[in-house]
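Chemist: My questions will all concern the structure given below.
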Amino acid sequence: MTATTTAAPAVGIPVPVSERARNEKRLGWKLTAPAVIVMLAVTAYPMLNALWLSLFSYRLTDPAAREFIGLRNYGVVLSDALWWQTVVTTVIITVVTVAVELVIGFAFAMVMHRVVFGRKVVRTSILIPYGIITVVSAFAWKYAFALDSGFVNNWFGLGDFAWFGERWSSIVVICMSEIWKTTPFMSLLLLAGLAQVPEVLQEAAAVDGATWRQRLTRVTLPNMKGAIMVAVLFRTLDAYRLFDNVFIMTAGAQKTETVSFLAYRQMISRTALGLGSAVSVLLFLSVVAIAAVFIKGFKVDLSSVRGR
Amino acid sequence: MSDRRKWTVAVAVVLVASATAACGGGEAGAPTLNWYINPDNGGQKELAAKCSAASNGAFRISTSVLPNDATSQREQLVRRLAAKDASIDLMSLDPPFIPEFAEAGFLRAFSDDEARELTAGALSGPVESGTWDGKLMGAPFWANTQLLWFRKSVAQAAGINPARDPVTWSQIIDLASAAGKTVEVQGNLYEGYMVLISALVSSAGGKILENPEAGKNVRPAIDSDAGRKAAEVIQKLGRSKAADPALSTTDEEAGRAAFQGARGGFMVNWAYIYGAAQEAVVAGTLDQAVVDDIGWARYPRVDAAMPSRPPLGGINLGIGAFGKHKDEALQAVRCITSLESQTQYMLKSKNPSARAAVYDNAEVRKVFPMADDLRASLDAGAPRPRTPYYTDVSTAVQRSFHPPASVDPNRAPAKAGKLIVDVLKDKVLL
């Protein structure tokens, strides 16, 4: 453990700190205190409560039978094939959607960045899907692919292929809907990154005879690595918690259940507060793990994208 | 800037105004009873208005619509009742959930005298399904059952008359396959699929649970010959040409649409089908010829030698245990479930009544040419298992039998039985 290097100022090893810096730090704490208190009340308390509940066998409709069972709920969840099936489904959806969104989102960001004519129109039309409520977009996609109301099969001559009748075709539709809906978010974050790349560098590279591709891979991408990683991180965290599309389109049938849907069913449908909380805590830990891998592993600096 | 400020002020005014308007609802005087209803075509709202007026100012009933499917309706009510929501005075309850609500103390039990009064003249099925532990918890309001609906032209071409000679599942699946028509059932992963499985198991002479009243210590009975026969029917349909292409996602309405379409042949579905088809004609979305072509018969048999046990459904009225106006709520229940109200409701909503006398009403018999079949079906029906853990049992069965085309008769019933036990003992996720 080499915690000393990073934690040095905190443990009070004498580092010369000016009066002003100390005052600024104190002011910072005062300014953020209200937000911190509110966050503790609305985030930390429910999380700790979930952690506490996960140690019980407890049903909302049978409160008398509540019983402390320690970590047994976690054992049940982690040894259950259904949990691992939902994890696999979630990972597949996350990887596919984030990868596709990154590519399309980057293309959109370039368009939004470079477009000269009709800038507002282009930017607005790219962003519209993001403004649509997820449940509404999920219904729209569901109806488009459904056999009774859909037009997709007609367009592509698929006859009565039931998209939601099989696992993989259902996941394809879920992914498409998710990609359509959130690519704009990705491109917004990437646009902020693009705007950070100094124009001078581009010009210098152009003068030196760099081709378009060389400028992209040698100048643009390296200079916006931070923005890309932040965008990917945000979208990965979001995608891993995917719920709405699955809820609307398949309700978890055909093995399309995601981890958050599993938590919802244990917690809300079955009112099994103990097991449901255990699933939720594990979901939370997975999300924390993803964030940790990005931030430590890929050295993403969250403060590097100050939209300046 | 001043423009933006104007907008901000305007928005703030609207918000404050709507907030105060929302608070202004509870004036002194007659209390307002909140009745949580399942969605229908406006029939319950009509009864709410009628019974408000009939109370001579003693109370006013306002309705709040619950979600579409039974499972979500229960979810919403459980969430509110677990938090002791005092605003739930009356609720329209799907009978399978009554044991759970009763055990959890969510419902005000009717006294024996009240129960006698509210169940006088009611069919036995709805009374039984509204009773838990010897107490009436939900007053019979309307009763539902499924019939076999068929297109007369298809049956005729196949040379059968299901209305006269009882048919088996195997028979109609074969006939429909040969004729290029479908047999529509509810195959989506939801409560409707449990209705199908439960009816098939009952029709084969079996049960889902051996001792449903035992709660967590229940012994499943689905891993039996009856369970396997039920699975065989589902597998046969799922793999036949008579299956709807979207069988694994079909619910009541999707099935109805397909049945009314070009490939419609047979369908098992609730009683509202006929009324809904007539309404579609009025709305101009369906040909009268299709309605004229719709025939009905008793639910198909699993075993040719054994009469079928059709599914039972419907709605019972419960009084919230935490409401502040229970006396008024009781009066409202009396009014809503009266013979007159139930007749009015059957005519308006096209849902069958829970009272026997309604089926003898001349007007009802005109609107429901199948009135006698409905009554017979209600009397012969088998309820879904009555347990406080119904949702878990139902979900476990559904998941073990889904998707319909992949059901293995040798494995699905055993799997369901094991899953029920494991889930109730908190040994697995569901």
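Any read-out appearing in this document is the output of simple, stated calculations on the displayed coordinates, not a laboratory observation. Source: prediction; values computed, not measured. Counting neighbours? That spans all protein chains shown, and the Cβs are built from the backbone with ideal geometry, glycine included.
Chemist: In a Debye calculation with equal point scatterers on the alpha-carbon sites of segment B:271-376 and no solvent, what is log10 I(q)/I(0) at q = 0.16, 0.18, 0.20 Å⁻¹?
Modeler: -0.87, -0.99, -1.09
Chemist: For B:LYS366, which aspartates and glutamates qualify as cross-link partners when the Cα separation must be under 18 Å and same-chain residues fewer than eight apart are set aside?
Modeler: Straight-line reach from B:LYS366, under 18 Å: B:GLU279, B:ASP292, B:ASP293, B:GLU340.
Chemist: Excluding same-chain residues fewer than 8 positions from A:LYS181, which aspartates and glutamates have a Cα within less than 19 Å of its Cα?
Modeler: Leaving aside aspartates and glutamates fewer than 8 places away in the same chain, those within reach of A:LYS181 are A:GLU101, A:ASP238, A:ASP244.
Chemist: Report for chain B the percent antiparallel among DSSP-assigned beta bridges with both residues inside it, nearest 5.
Modeler: 65 percent
Chemist: Kindly provide the trypsin sites (Lys or Arg not before Pro) of segment B:120-188 that DSSP labels as loop, not H, G, I, E or B, and whose Cβ sees at most 10 other Cβ atoms within 10 Å. Each step should come with its number before you reach the end.
Modeler: Details: sites: B:LYS135, B:ARG151, B:LYS152, B:ARG164, B:LYS181; in loops: B:ARG164, B:LYS181.
Filter output for segment B:120-188: B:ARG164.
Chemist: Something else about it: Could you pull out every one of the aspartates and glutamates with an alpha carbon less than 13 Å from that of A:LYS255, ignoring same-chain neighbours closer than 8 positions?
Modeler: Once the sequence-local aspartates and glutamates are set aside, what remains near A:LYS255 is A:GLU166.
Chemist: If r is the Cβ-Cβ distance from B:LYS324 to B:SER111 and R0 is 25 Å, what FRET efficiency results, to the nearest 0.05?
Modeler: 0.85
Chemist: Give me the distance in nm between label points sitting 7 Å out from Cα along the Cα-to-Cβ direction at B:ALA120 and A:ARG114, one decimal.
Modeler: It works out to 8.5 nm between the two label points.
Chemist: What's the whole-number percent of alpha carbon pairs in segment B:313-430 lying beyond 20 angstrom?
Modeler: Details: 4329 of 6903 pairs.
Tail of P(r) above 20 Å: 63 percent of Cα pairs.
Chemist: Right, another one. With the cut-off at 1.5 for a/c, could you classify segment B:341-390 from its C-alpha gyration tensor as rounded, prolate or oblate? It would help to have the intermediate numbers written out before the result.
Modeler: Values: a/c = 2.94, a/b = 1.91, b/c = 1.54.
It comes out prolate by the Cα gyration axes.
Chemist: Report, in listed order, any pair from A:LYS142/B:LYS241; A:LYS142/B:LYS216; B:LYS135/B:LYS216 with a Cα-Cα distance greater than 28 Å.
Modeler: A:LYS142/B:LYS216
Chemist: Let me know the mean shielding of B:243-256 by other chains, meaning the per-residue number of their Cβ atoms within 10 Å of its Cβ. Spell out each step's value before the answer.
Modeler: Details: counts 0, 5, 7, 9, 2, 7, 14, 4, 0, 0, 1, 4, 0, 0.
Other-chain Cβ atoms within 10 Å of each residue's Cβ, averaged: 4.
Chemist: Related question: Let me have the 222 nm mean residue ellipticity of the protein assembly as shown computed from DSSP H runs of 4+ only, each contributing -39500 (n - 2.57), with the sum over all residues rounded to the nearest 500.
Modeler: The helix contribution divided over the protein assembly as shown gives -16500 deg cm²/dmol.
Chemist: Debye sum, Cα scatterers, segment A:181-290, no solvent: what log₁₀ I/I(0) at q = 0.23 1/Å?
Modeler: With one equal scatterer per Cα and no solvent, log10 I(q)/I(0) is -1.17.
Chemist: Compute the length gained on full extension between A:ARG66 and A:ALA206: take 0.36 nm times their separation in residues and subtract their Cα-Cα distance, giving the result in nm to one decimal.
Modeler: Stretched out fully, the A:ARG66 to A:ALA206 stretch lengthens by 43.4 nm.
Chemist: Ranked from highest to lowest mean number of other Cβ atoms within 10 Å per residue, what is the order of the peptides B:319-330, B:231-242?
Modeler: Final packing ranking: B:231-242, B:319-330.
Chemist: Per-residue Cβ counts within 10 Å, from other chains only, averaged over A:58-69: what number is that? Please report the intermediate quantities before stating the final value.
Modeler: On the way: counts 1, 8, 6, 13, 7, 3, 3, 2, 0, 1, 0, 1.
Per residue, the number of nearby Cβ atoms from other chains is 4 on average.
Chemist: Now for a separate question. Could you tell me what fraction of 2.2 N^0.38 Å the Cα radius of gyration of chain A comes to, as a two-decimal ratio?
Modeler: 1.23
Chemist: Stokes-Einstein diffusion coefficient for segment B:278-333 at 25 °C in a medium of 0.890 mPa s, Rh from the Kirkwood formula over Cα pairs: what value in µm²/s? Don't jump to the answer; show the numbers that get you there.
Modeler: Details: Rh = 16.4 Å.
In µm²/s, the coefficient rounds to 149.
Chemist: If you average over every viewing direction, what projected area does the convex hull of the Cα atoms of segment A:154-207 give, in nm²? Can you show the working numbers first?
Modeler: Values: hull surface 26.6 nm².
If you wrap the Cα atoms of segment A:154-207 in a convex hull and average its projections, you get 6.7 nm².
Chemist: Mind checking the full-extension length gain between B:ASP225 and B:LYS425? Use 0.36 nm per residue of separation minus the Cα-Cα distance, one decimal, nm.
Modeler: Separation in residues times 0.36 nm, less the Cα-Cα distance, equals 69.5 nm.
Chemist: Starting from the Cα of B:LYS366, step 7 Å along the direction of its Cβ; do the same at A:LYS225; then give the gap between the two resulting points in nm.
Modeler: It works out to 8.3 nm between the two label points.
Chemist: OK, next. Mind listing the Cα extents of segment B:190-237 along all three principal axes, in Å, largest one first?
Modeler: So the three principal-axis extents are 34, 24, 14 Å.
Chemist: Sticking with this one: How would you order B:276-283, A:88-95 from highest to lowest mean count of nearby Cβ atoms within 10 Å?
Modeler: Result, highest mean Cβ count within 10 Å first: A:88-95, B:276-283.
Chemist: Can you give me the distance in nm between label points at B:LYS84 and B:GLN288, each placed 7 Å from the Cα along the Cα-to-Cβ direction?
Modeler: It is 6.0 nm.
Chemist: When you look at the Cβ of every residue in A:281-288, what mean number of other chain Cβ atoms sits within 10 Å?
Modeler: Numbers: counts 0, 0, 0, 0, 0, 0, 0, 0.
Partner Cβ neighbours, averaged per residue: 0.
Chemist: Strictly over 29 Å apart at the Cα level, which of B:LYS207/B:LYS236; B:LYS181/B:LYS418; B:LYS236/B:LYS425 would you flag in this model?
Modeler: B:LYS181/B:LYS418; B:LYS236/B:LYS425
Chemist: Here is a further query. Please identify the chymotrypsin sites (Phe, Trp or Tyr not before Pro) of segment B:346-402 that satisfy two criteria: DSSP loop assignment and at most 14 other Cβ atoms within 10 Å. Which are they?
Modeler: Hits after loop and neighbour filter: nothing returned.
Chemist: Here is a further query. Taking only Cα atoms of the protein assembly as shown, what ratio of Rg to Rh do you get with Rh as the Kirkwood inverse-distance radius?
Modeler: Across the protein assembly as shown, the Cα-based Rg/Rh ratio is 1.03.
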